[in-house]
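Here the structure is laid out as structure tokens; the discussion comes afterwards.
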Amino acid sequence: MSHIPPLDPMVAARKGFRESEDRLKRFWKTVDVGPVEGGWRVLLDGRSPKTPGGVPYDLPTETVARLVADEWAAQGEFLIPATMPATRLAATAIDRIEQARNAVADEIAAYAGSDLLSYPADHPTPLVERQAREWGPWRDWAAGLGVELVVADGLTHRAQDPAALARVKALALELDVFALTALATAVPLLGSAVLGLAVQRGALRGETAFDLSRLDEAHQESQWGVDAEAEARTAARRDEATLLDRWFRALEA
């Protein structure tokens, strides 16, 4: 989402430790977490790495702090930001989201306005039947939250009830910055505010939600096959959905 660009832990580490090399070499030996007022802090050799905003990585639960700490512990000779998605989520939440809560919630609601689950296929029959069978229960689930989506006929746009979109925004604004950051990441990944909320609330596992989000793609692959590059992209996106699920659950621990 445009209001929450990913933040680079390499930049964060440079701010905290004045490292000037283009590739940041591992400068720590031990990684741990320790209690602080209101949560848990990630510690490298007893000191906290800093976010790009110069703030320690303080997380609300020990479990989510360890999720971030494990990424620092897993680094080899050089720090590789692409392997640190939980660290990026933490930095974004700490530095950016409190000041942009309303705008981020607006964007999540905007996804509900064209939610993937509102646009089922009209052919071929096997795909139509599968989407009805697997998407229908989640539209019903969303209706139970007060988010009743209008289902479009084909690809023609159908405006959603403003009350449903307002409800999505309200649900987003109920979250703390750490959960809101993850929801704002999950919704565009899945193309669906409903699926994103289902993962956030523990009704769906991240991997299952991801598979639901790509029923059309999976059908095409079953007919025409898939190349290695596309398969790798799909695997990376599924891993991201799984990480977001772990993040949500860690926030509850």
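The values are calculated or read from the model by the stated rules, or taken from the named source; none is laboratory data. Computed from a predicted structure; not experimentally measured. Note that each Cβ is placed from the backbone with ideal geometry, even for glycine, and that neighbours are counted across all protein chains shown.
Scanning the stretch 229-253 for residues that are among the small types (G, A, S) and buried (at least 17 other Cβ atoms within 10 Å of the Cβ) gives A241, A250. Within the stretch 14-67, how many residues are in a helix (DSSP H, G or I), in contact with a Pro (Cβ under 9 Å, 6 or more places away or on another chain) and modelled with pLDDT of 95 or more? Number of matching residues: 1. Taking the criterion of being within 23 Å of L117 (Cβ to Cβ) and assigned to a helix (DSSP H, G or I), the residues of the stretch 213-229 that qualify are S213, L215, D216, E217, A218, H219, Q220, E221, S222, Q223.
Whether any residue in the stretch 116-130 is within 22 Å of T242 (Cα to Cα), modelled with pLDDT of 95 or more and out of contact with any strand residue (DSSP E or B) (no Cβ under 9 Å at 6 or more places or on another chain) is what I want to check.
yes
Of the residues contained in the stretch 175-191, one or more are found to be among the hydrophobic types (A, V, I, L, M, F, W, C), under 17 Å from Q131 (Cα atoms) and touching a residue at least 12 places away in the same chain (Cβ under 8 Å).
Residue-by-condition table, conditions (1) touching a residue at least 60 places away in the same chain (Cβ under 8 Å); (2) farther than 30 Å from L67 by Cα; (3) touching a Ser or Thr at 6+ places or on another chain (Cβ under 8 Å); (4) in a helix (DSSP H, G or I):
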position	(1), (2), (3), (4)
E129	no, yes, no, yes
A143	no, yes, no, yes
T156	no, yes, no, no
A159	no, yes, no, no
A172	yes, no, no, yes
L197	no, no, no, yes
A203	yes, no, no, no
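Filtering A182, A193 for residues that are in contact with an Asp or Glu (Cβ under 6 Å, 6 or more places away or on another chain), crowded, with 22+ Cβ neighbours inside 10 Å and not assigned by TED's automatic domain parsing to the domain that holds L89 leaves a single hit, A193.
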